[in-house]
1. Where in region 1-68 are there strands (runs of 3 or more DSSP E), lying wholly inside it, with at least 1 residues that are under 15 Å from the mean Cα position of the chain (by Cα) and under 29 Å from ASN90 (Cα atoms)?
2. How many residues does region 73-93 contain that are assigned to a strand (DSSP E or B) and open to solvent by less than 80 Å² (accessible area, probe 1.4 Å)?
3. Restricting attention to region 15-30, which residues are open to solvent by 100 Å² or more (accessible area, probe 1.4 Å) and modelled with pLDDT of 95 or more?
4. If you check GLU34 against the conditions, is it open to solvent by 80 Å² or more (accessible area, probe 1.4 Å) and at pLDDT 95 or above?
5. Among the numbered criteria (1) within 22 Å of ILE3 (Cβ to Cβ); (2) open to solvent by 100 Å² or more (accessible area, probe 1.4 Å), which single criterion is violated by ILE70?
Amino acid sequence: MQIEIQQLDRRNIQDVNRCDGSFMVTSHLEINMEGGRLISSAFPVQPYKKEFPIEEMEVDSFVDNSEKAIFLAYLHGGLAGQIDLIKWWNGYA
């Protein structure tokens, strides 16, 4: 399985926000500290679909910009994922 990552440019701009970012939640993770150690446990839940709304943005402003970028992932020639990175006031994305 070969995944190709491309930074947003004029050739792939039409692919922005075309991914279905929904996923099924099947468990919840509980994290605790015990004796100075991080302990985690997964608990099954009634499965449900989790979705995040697509934010409206000026996509053109991400092209050739050192403060923000969009990366698109392609698998077998089709769009497989998207990551949006924006540098915030503290210098981190």
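1. Ranges flagged: 3-7.
2. Taking region 73-93 as the starting set, the residues that turn out to be assigned to a strand (DSSP E or B) are 73-75, 78-86.
From what's left, open to solvent by less than 80 Å² (accessible area, probe 1.4 Å): 73-75, 78-82, 84-86.
Number satisfying all stated conditions: 11.
3. Step one: list which residues in region 15-30 are open to solvent by 100 Å² or more (accessible area, probe 1.4 Å), which gives 18, 20, 24, 29.
Scanning region 15-30 gives MET24, LEU29.
4. On the way: open to solvent by 80 Å² or more (accessible area, probe 1.4 Å): yes; at pLDDT 95 or above: no.
It is false that GLU34 is open to solvent by 80 Å² or more (accessible area, probe 1.4 Å) and at pLDDT 95 or above.
5. (2)
The values are calculated or read from the model by the stated rules, or taken from the named source; none is laboratory data. Since the structure is predicted, the reported quantities are computational estimates derived from the model, not experimental observations. With ideal geometry, Cβ positions are generated from the backbone for all residues, glycine too; neighbour counts draw on all protein chains shown. Accessible surface is based on the protein model in full, side chains and every heavy atom, while ligands, DNA and RNA are left aside. Shrake-Rupley method; radii C 1.70, N 1.55, O 1.52, S 1.80 Å.
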